[in-house]
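Every number here is computed from the coordinates shown, using simple stated rules; none is lab data. What you are looking at is a predicted structure, and each value in this text was computed from that prediction instead of being measured. Note that each Cβ is placed from the backbone with ideal geometry, even for glycine, and that neighbours are counted across all protein chains shown.
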Amino acid sequence: MTGNTSTFEKIGPLPVRKPDFGFKKKNTRPISENDAFLDSLLSALSVFLPAGERFFINAVKRTKDQFEDPTIQEEIQYFINQEAQHSKQHLAFNRYLEACGFPALESEAQIDRILERVAKMFPSREDQLIITVAIEHCTAVLSNMYLQDTDLQKALDPDVRDLYLWHSQEEIEHKAVAYDIYKALGENYFKRIAFMSATLLSFAALLIQFQNRFYNAKPTQSRLKRWQQTAKFCLHPRMLLMARGFANFYSPSFHPWQEDDLHLIPKATVRA
């Protein structure tokens, strides 16, 4: 199929799954018992998601009246339905993290405030859609990496592994919806790459801040051990895979389905 294939042409209607992960409270590290770096990284990542998903839903919903094509209208609705489930499940997961003694709710509230400021700074439908396109590409790249990295999956608590398998699967499925809407409404290439650059820098800075916050809440390992785990993660070939995925966005001819990774989804065994 061509790189510009729409989501419905590619995979048809998007399924809306409603899993139940049943997180069980733990007294130590709730995600990865033996890897504090990985534990704090995935905890920090989760606090972005409830407010982030709501931002994406609102940005895409604002474009709905611009299209009479029922196929596009349906794609938008499926996107909204999947993202609403993501927000719901990560809200539950963040409350589980809070019950385990980690500052999830404080961090989640900070993301809420940041995105409220972003919405005020960039009130136009176009700008909020570009921000959504940029972050949706970031999540698609991370999802692609996670679905391929069985070693990473094996290091996680089974409930958390399944949460991120399910979420990654659906991010791959709808990764082109926001971009196709943006393209249909008129793309500005230079604005697209400018917003992506700002998004990557802001996201990386906040992720490091939140990861440190989660690690310091329960510093169960020495600083040396933490640096060893950080180096092990960052020097893994997965980083080259992600770098290539982020770089692809800067091509003038970019389209999300140029990276055809639907074959990864059948390998993702999740409780739907």
Test of understanding: what is the full-extension gain from Ala198 to Gln77, defined as 0.36 nm times their sequence separation minus their Cα-Cα distance?
40.8 nm
What would the Debye equation give as log₁₀ I(q)/I(0) for region 147-222 at q = 0.14, 0.18, 0.19 Å⁻¹, counting only Cα atoms as equal point scatterers?
-0.78, -1.05, -1.09
So the angle from the long Cα axis of helix 36-61 to the longest Cα principal axis of the chain, reported in degrees to the nearest 10, equals 20 degrees
Quick one: length gained pulling His263 to Val118 fully straight, 0.36 nm per residue minus the C-alpha distance?
48.7 nm
Rounded FRET efficiency, nearest 0.05, which uses the C-beta distance separating Leu224 from Leu105 and R0 of 35 Å:
0.70
Most to least packed among 253-261, 67-75 [average Cβ atoms within 10 Å]
253-261, 67-75
Arranged from highest to lowest average of other beta-carbon atoms within 10 Å per residue, in what order do the peptides 137-148, 83-94, 225-236 appear?
137-148, 83-94, 225-236
So Asp149 and His255, fully extended at 0.36 nm per residue minus their Cα-Cα distance, gain in nm 35.8 nm
Mean Cβ count within 10 Å, highest first, over the residues of peptides 39-49, 158-168, 240-250:
39-49, 158-168, 240-250
What FRET efficiency would be calculated for the residue pair Cys234, Glu68, taking the C-beta separation as r and a Förster radius of 35 Å, to the nearest 0.05?
0.15
Net dipole in debye of the chain [+1 Lys, Arg Cβ; -1 Asp, Glu Cβ; about Cα centre; nearest 20]
1080 debye
According to a simple spin-label model (label point 7 Å from Cα along Cα-to-Cβ), what is the distance in nm between Leu207 and Lys88?
2.7 nm
Given axes a ≥ b ≥ c from the Cα gyration tensor, I'd like to know whether region 32-267 is rounded (a/c under 1.5), prolate (a/b larger than b/c) or oblate.
prolate
Given the options Gln209, Pro219, His263, identify the residue whose Cα lies farthest towards the positive end of the charge dipole of region 175-272 (+1 on Cβ of Lys, Arg; -1 on Cβ of Asp, Glu).
Pro219
